[in-house]
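Peer 1: Pasting a structure below so you can have a look.
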Amino acid sequence: MNSKKLKKLIKCSGHAENKSAFTIPLTSPIEKMTSFDFSKDDRARIEMITQSLKDKIRIVSFKSAILHNKHLFRGRVVLNLNCGVGLFALFAAKAGAARVFAVDNSNVLYYTKLIVQNNGYNDIIEVMKGKITEIELPVDEVDIIVCDWMGQALLYQSTCVDVLYARDKWLKKSGGLIFPDKARLFVAAIEDERHKNENIEWWQHVYGFKMNCLREVAIREPRHHNVKVEQLLSKQYPIHMLNLNKATCEDLYIRSKYKLHMQRSGRMDGIVLFFHVYFTKSHTRLAFSTDPWSPLTKWLQTVFFLDQSLSVNVNSLYYGGIELYSPGSSHNLENIIVNLEMLKGEPSHAEFEAAMSWHMISSRIPRCVVFKATDCSNSEADGSQGVNRFQKHKNKIIK
């Protein structure tokens, strides 16, 4: 390196005169975000965007629901809530929507605007930043609401409250559609000794010391992971159907009886919650599931460990009550209490087996779900794989 280049490098690095400092210009709101900003808005992170778009079952289901129902979208006004990078808004525009409002409160909208512009849809799609409860749409009503509103165990971190607000304020009273509009929550018993030992029992002996006080904390926090079919002990049992066409915020308080028929003997370490999602306004049956029989989605399954595992026999019956709700009156779905009571035997001679209370508040959701790499760039996804799997296992649903 010659002396002129060296002097120039030293000058730029600030080790010479302080007349000027070498800085990289920040050209977008996301580049200006700090680590603290990202902790509050992790949906603007490129890895979270990538993970969301690689969830093929979810994406294909929405794509099929929109593009296979062009007659419903053609010439309509569509509201895409919590739109992310705007993929569902692009599907709606491609299906022939007259206007699409893509709304989100995340800085991810910086990318959304570029994507909409680069694909030539800025005369149809209007990107709007803000909370749905605080913005005003430039129209009196919309024909269709599209939103990926489901959360872990259906309710946790769900945005269905936003959908209910938008439905009551803007959706047409007659003929207005919500995509998807229904979801059913299920419970099943599972055997998961490995994860229970790793996450719960581990605290009883940590490097030779007892830390049971932390076990009491860990046992109350649900885990989100991929449950294998062979871990299931019982049939799945439906505990709640959420219908956003008619639901109110009061319907987000789930209280239900359940019955778990054991299909094999084993050790019940906990219960697992998962859900099925339905696009009932589609002209053909369309649904997808987050159950253990179906391909992996970003929601995984939600596991709730029992304090004391139970030995169960094939054909035995466990039953009781379960409730999920947000404490207080704010319907804050970032804070969910789950209570369970479990009995065994004939109702006239019922034996009390377990009572548990879990708290879904601190994020235990894996921030990196690995999906199989798939190239869908040139394929016209029809959702048949997800629908076929759903049909195949629907006989396991107890009506």
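The values are calculated or read from the model by the stated rules, or taken from the named source; none is laboratory data. Remember, it's a predicted structure, so these values are computed and weren't measured experimentally. Don't worry about glycine lacking a Cβ; one is built from the backbone with ideal geometry, like all the others, and counts go over all protein chains shown. Protein only, heavy atoms only, side chains kept; ligands, DNA and RNA dropped before computing areas. Shrake-Rupley method; radii C 1.70, N 1.55, O 1.52, S 1.80 Å.
Peer 1: Protein chains only, probe 1.4 Å: how do V314, V77 rank by accessible area, largest first?
Peer 2: V314, V77
Peer 1: As a test of understanding, state the convex hull volume per residue of the range 27-79 from its alpha carbons, in Å³.
Peer 2: Each residue corresponds to 123 Å³ of Cα convex hull volume.
Peer 1: For N226 paired with K257, estimate the spin-label separation in nm (one decimal), with each label point 7 Å from Cα along the Cα-to-Cβ line.
Peer 2: It works out to 3.8 nm between the two label points.
Peer 1: Ranked highest first by the average count of other Cβ atoms within 10 Å around their residues, in what order do 266-275, 346-355, 135-144 fall?
Peer 2: Averaged packing, sorted descending, gives the order 266-275, 135-144, 346-355.
Peer 1: Straight-line reach from K182: which aspartates and glutamates have Cα under 13 Å away, leaving out those fewer than 8 places along the same chain?
Peer 2: D148, D251
Peer 1: While we're on this one: Answer rounded, prolate or oblate for the range 65-144, using the Cα gyration tensor with square roots of eigenvalues a ≥ b ≥ c: rounded when a/c is under 1.5, else prolate when a/b is larger than b/c, else oblate. Don't skip to the answer; put the middle values down first.
Peer 2: Details: a/c = 1.85, a/b = 1.25, b/c = 1.48.
Since a/c reaches 1.5 but b/c is at least a/b, the shape of the range 65-144 is classed as oblate.
Peer 1: Once amide H atoms are built 1.01 Å from N in the peptide plane, which residues 5 or more positions from K235, or in another chain, come under 5 Å H to H?
Peer 2: Close amide H contacts, sequence-distant or interchain: H261, Q263.
Peer 1: Classify the range 268-333 as rounded, prolate or oblate from the Cα gyration tensor: take a ≥ b ≥ c as the square roots of its eigenvalues, call it rounded if a/c is under 1.5, otherwise prolate when a/b beats b/c and oblate if not.
Peer 2: Numbers: a/c = 2.18, a/b = 1.34, b/c = 1.63.
In terms of gyration-tensor shape, oblate.
Peer 1: Loop-only check: which trypsin sites (Lys or Arg not before Pro) in the range 128-183 are DSSP coil with at most 10 other Cβ within 10 angstrom? Walk me through the numbers before you get to the answer.
Peer 2: Numbers: sites: K129, K131, R167, K169, K172, K173, K182; in loops: K131, K172, K173.
Passing both the DSSP loop test and the Cβ count: K173.
Peer 1: Within the range 150-199, report the GluC sites (Glu not before Pro) that DSSP leaves as loop and that have at most 15 other Cβ atoms within 10 Å.
Peer 2: Qualifying residues, ordered by number: none.
Peer 1: Which shape class applies to the range 190-321: rounded if a/c is under 1.5, otherwise prolate when a/b exceeds b/c and oblate if not, where a ≥ b ≥ c are the square roots of the Cα gyration tensor eigenvalues?
Peer 2: The shape class here is prolate.
Peer 1: Right, here's the next one. What size of dipole, in debye to the nearest 20, comes out for the range 182-366 about its Cα centre when the only charges are +1 on Lys and Arg C-beta atoms and -1 on Asp and Glu C-beta atoms?
Peer 2: Details: 21 positive and 19 negative charges, 131 e Å.
For this selection, approximately 640 debye.
Peer 1: Related question: What ³J(HN,Hα) values, in whole Hz, does the Karplus curve 6.51 cos²θ - 1.76 cosθ + 1.60 give for the range 294-305 when θ = phi - 60°, with x put for Gly and Pro?
Peer 2: 9, x, 5, 10, 5, 7, 6, 10, 10, 10, 10, 7
Peer 1: What list of ³J(HN,Hα) couplings, whole Hz, do you get for the range 284-291 from phi and the Karplus terms 6.51, -1.76, 1.60, once you set θ to phi - 60° and write x for glycine and proline?
Peer 2: Taking θ as phi minus 60°, the curve returns 10, 4, 9, 7, 9, 10, 10, 6 Hz for the range 284-291.
Peer 1: Starting from the Cα of K196, draw a straight line to each of the aspartates and glutamates and keep only those under 19 Å, dropping any in the same chain fewer than 8 residues away.
Peer 2: E216, E221, E230, D269, D307, E353
Peer 1: Can you tell me, using C-alpha contacts under 8 Å and at least 6 residues apart, the relative contact order of the range 35-148 as a whole percent?
Peer 2: Reported relative contact order: 27 percent.
Peer 1: Along the charge dipole of the range 260-327, Cβ charges K/R +1 and D/E -1, which of Q263, T280, P327 sits furthest on the positive end?
Peer 2: Of the options given, the answer is T280.
Peer 1: Between their Cα atoms, which of K56/K228; K173/K246; K32/K113; K113/K172; K228/K298 are more than 22 Å away from each other? Show your work: numbers first, answer last.
Peer 2: Values: K56/K228 19 Å; K173/K246 11 Å; K32/K113 17 Å; K113/K172 27 Å; K228/K298 15 Å.
Violating the 22 Å Cα-Cα cut-off are K113/K172.
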